[in-house]
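A quick write-up on the structure given underneath.
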Amino acid sequence: MIKFLGIILLCLLLYKVGWRETIDSIKKTPLIYLVISLFAFWIAFYLKSLRWKIVSNSYGIPLKGSQAFKVFFIGIFLANITPGKLGDFGRLFYIKDQIPNPKIGWSSLIMDRVFDLICLLFFSVIALFYYQLNFDIIKWNDNYWSLGIWVAVLIFGILLFVLLRKKIKKIVIPWWEVFNSHNLKTGSFWIAIVLTTLSVILIYGVFNYLAWGMNIPINHIGLFLGTFVLGVLTLLPITILGIGVRETSLVVIFQMYDLPSQDAIALSLIVFLLQIISFVPGAIWFYLSPIDLNQLKNLK
């Protein structure tokens, strides 16, 4: 039920800003921009499938390019119809005959996600510095109490780790040994980094491209970096597919540039709709070769 908070938040935004104003903003987007943006998503997913192939091969999984492309699309579709994107791990069922052992399979998917997480956090940190320098979001002179709370939380976390370190090591070390059993070479590692960077630029750059098509006079560096913060916020367990959280966050960014909220909501909804459409190939392939997600329990 907590996830419906995002939907409630979106409804409140639309009520305050207005349906008609938002629809008028949506109509400002030329069709060709929508088509090109959709292809940008598909190209980004293709690049990510190449990265998954590289990672899988480093674990001794003989994954081919065409198979990686198809299964990756299915994984994206499943990830967006299951809680916590756990359906993405359904990829393992499609390649179970090629996996040396289940832990290797799980490790390959975890590493594949780690590349995305590193890139997302990297750009998000840059975004925070950018907005702090340009808008002075955090007033340090007035936030001693907040700083003290964060220091206390950090100290508590360190103490908790020290007290539970033996139990943590007992659980983590076996998995770490498997996770670290890859033979990903330096060249392959940097290729994976480049593929990840290009894919996220395409995915998050869609916001800029559509904003340009809608003639929204926003600072494109600020918008581009801000979308990475949106990516982090949509991971919060209070939303379904980022609904509500993404729109609210984009409204905040637009208000910093004194731009109308209806344009922010319209832009967010357009991107959301394009993302849904981009999952269609995965949905078709899944329909042609369906699995019961409960079968993941058999990957032991």
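The values are calculated or read from the model by the stated rules, or taken from the named source; none is laboratory data. These numbers come from a predicted model, not from an experiment. Here Cβ is always computed from backbone atoms with ideal geometry, including for glycine, and neighbour counts include all displayed protein chains. These area figures cover heavy atoms from the full protein model, side chains too; ligands, DNA and RNA do not enter into them. Shrake-Rupley method; radii C 1.70, N 1.55, O 1.52, S 1.80 Å.
Taken over segment 220-245, the residue count meeting the criterion of being surrounded by fewer than 16 Cβ atoms within 10 Å (Cβ to Cβ) and not aliphatic (A, V, I, L, M) is 2. The condition of being under 15 Å from the mean Cα position of the chain (by Cα), touching a residue at least 40 places away in the same chain (Cβ under 8 Å) and in a helix (DSSP H, G or I) holds for only one of Gln262, Gln275, that being Gln275.
Answer yes or no as to whether Leu274 is touching a Phe, Trp or Tyr at 6+ places or on another chain (Cβ under 9 Å) and buried (at least 21 other Cβ atoms within 10 Å of the Cβ). So Leu274 fails the test. Within segment 152-170, is there a residue that is surrounded by fewer than 18 Cβ atoms within 10 Å (Cβ to Cβ), of a type in the set (Lys, Arg) and at pLDDT 80 or above? Checked against the condition, which is being surrounded by fewer than 18 Cβ atoms within 10 Å (Cβ to Cβ), of a type in the set (Lys, Arg) and at pLDDT 80 or above, segment 152-170 yields no hits at all. Of all residues in segment 181-200, none satisfies being in a loop (DSSP other than H, G, I, E, B), at pLDDT 90 or above and in contact with a Lys or Arg (Cβ under 6 Å, 6 or more places away or on another chain). One residue stands out among those in segment 8-23 that are open to solvent by 80 Å² or more (accessible area, probe 1.4 Å) and closer than 19 Å to Met214 by Cα: the one that is modelled with the lowest pLDDT, which is Trp19. Within segment 24-38, the only residue that satisfies the criterion of being within 18 Å of the chain's Cα centre (by Cα) and surrounded by fewer than 18 Cβ atoms within 10 Å (Cβ to Cβ) is Leu38. Filtering segment 26-71 to residues that are of a type in the set (Lys, Arg) and touching a residue at least 40 places away in the same chain (Cβ under 8 Å) leaves Lys28, Lys48, Arg51, Lys70. Flag: Phe123 does not match the condition of being over 24 Å from Val232 (Cβ atoms) and assigned to a helix (DSSP H, G or I). As a summary of the residue check, Thr248 satisfies the conditions (1) modelled with pLDDT of 90 or more; (2) crowded, with 16+ Cβ neighbours inside 10 Å; (3) closer than 19 Å to Asp24 by Cα except for the one numbered (1).
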